[in-house]
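Heads up: the structure comes next, in structure tokens.
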Protein chains: 2
Amino acid sequence: MKFGVVVFPSKNLQDFANSYRKRYDPHYDLITPHLTLLNAFDATEEDASEFAERLQQIADRTNPFTLKTSKISSFHPVNNVIYLKIEPVKELISLHAEIHTEFSEFKSEYAFVPHITIGQKLSNDEHSDVFGALRMTKIDHEETIDRFHLLYQLDNGSWTVFETFRLGKE
Amino acid sequence: MKFGVVVFPSKNLQDFANSYRKRYDPHYDLITPHLTLLNAFDATEEDASEFAERLQQIADRTNPFTLKTSKISSFHPVNNVIYLKIEPVKELISLHAEIHTEFSEFKSEYAFVPHITIGQKLSNDEHSDVFGALRMTKIDHEETIDRFHLLYQLDNGSWTVFETFRLGKE
């Protein structure tokens, strides 16, 4: 089965992201808006508890951080993903790096560009229309992130939270 | 905003429940299969951390329990909800009672019948067809539950996990 590690932002920011995802993201029904820390990877259900222990240790030594977003960007031409760009603050970069060191067997081949996807699987024409309209949107949002989550995927593609990790709690 | 407290069972049981929910439950896209411990209630986002503290204290003094299901039942004629009947073991009843004592202001008017909904909002005819076909289904499933979750609802009706509570952890 597939696992993943994500941050769910506040209700406000999720509602804002969903206002776009509803139209532009086919994953809208499968997971609520999120910032991915570790991409989907394969493991067995029995592995979950051990993963959780390793993630808790990372969480214990990471401080809460500020999630700040001010604009909408796109990964085009690599792929037609439109996203809220998240400022790469030191704590977030280091949290991502620690998780990737600990789970180095599941490392992604991409550089880390912190983001919350609001549109994907768009055709080139759709992408160019939608991103053309959204690229000038100014966003002024800042919030504190004090937790992240280990998820697993069901057969229908939807994601369930296995466990929450509070940052710097202990 | 709305909060709720639920148990998510194992992937296997969720996949099994979803095979029915896909056809019979309009909430299929809003939340993965779950056993409700505290029905949706209204509170502010600022209340979430305090709720989490109170739930953690309950979790600390509750032991993991066995979730066992052997049949499909219905709440008809009260309402046309079809569900996996969950055996009301002592630990589950007491966990539910503790949560309802602690959150007595949000108490439900129903007696606690532990269940995982697989169909709802069915017309009387649909209910009678579907439940007629499912009522004889024998299920033989048992698993250990060692956690529950505090969720909140987004504007589009979908639910996000705020925090996980491990039973008897500390």
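Below, the figures for the structure above:
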{"item": "Mean-position separation - Cα centroids, segment A:62-79 and segment B:71-91, in angstrom", "result": "44 Å"}
{"item": "Nm distances between copies for A:Met136, ranked from closest, using label points 7 Å along Cα→Cβ", "result": "6.7"}
{"item": "Per-residue SASA entry for B:Val130, accessible area with 1.4 Å probe, Å² rounded to 10", "result": "20 Å²"}
{"item": "Degrees between helix A:124-134 axis and first principal axis of chain A (Cα, 0 to 90, nearest 10)", "result": "90 degrees"}
{"item": "B versus A: buried accessible surface, summed, Å² (probe 1.4 Å, to nearest 100)", "result": "2400 Å²"}
{"item": "Spatial separation of Cα centroids for segment B:140-170 and segment B:1-39, in angstrom", "result": "10 Å"}
{"item": "Cα long-axis angle, helix A:90-102 against chain A (0 to 90 degrees, to the nearest 10)", "result": "60 degrees"}
{"item": "Sulfur and carbon atoms: percent of accessible area, chain B [1.4 Å]", "result": "47 percent"}
{"item": "Accessible area of chain A divided out per residue, in Å², using a probe of 1.4 angstrom", "result": "48 Å²"}
{"item": "Alpha-carbon gyration tensor eigenvalues x 5, square-rooted, for segment B:1-104, Å", "result": "25, 18, 14"}
{"item": "Tilt relative to chain B, helix B:48-60 - C-alpha long axis, 0 to 90 degrees, to 10", "result": "80 degrees"}
{"item": "Over segment B:72-134, relative contact order from alpha-carbon pairs under 8 Å, at least 6 apart, %", "result": "46 percent"}
{"item": "Per-copy distances of the B:Ser108 label point, shortest first, in nm (7 angstrom along Cα→Cβ)", "result": "3.8"}
{"item": "Gaussian network model of chain A, springs between alpha carbon atoms under 10 Å - residue of A:Phe131, A:Phe65, A:Phe16 with greatest fluctuation", "result": "A:Phe16"}
{"item": "Residues in segment B:36-75 that, when all protein chains are in place, have 50 Å² or more less accessible area than the chain alone would give (probe 1.4 Å)", "result": "none"}
{"item": "Exam field: A:Leu30 pseudo-label spacings to other copies (7 Å along Cα-Cβ), nanometres", "result": "2.2"}
{"item": "Residues in segment A:140-164 that, when all protein chains are in place, have 40 Å² or more less accessible area than the chain alone would give (probe 1.4 Å)", "result": "A:Arg147, A:Leu154, A:Asp155, A:Asn156, A:Thr160, A:Val161, A:Phe162, A:Glu163, A:Thr164"}
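The values are calculated or read from the model by the stated rules, or taken from the named source; none is laboratory data. A quick note: this is a predicted structure, and the numbers were derived from the prediction, not measured. Glycine also receives a Cβ, built like all others from the backbone with ideal geometry; neighbour counts cover every protein chain displayed. Side chains included, ligands, DNA and RNA excluded: accessible areas come from the protein's heavy atoms. Shrake-Rupley method; radii C 1.70, N 1.55, O 1.52, S 1.80 Å.
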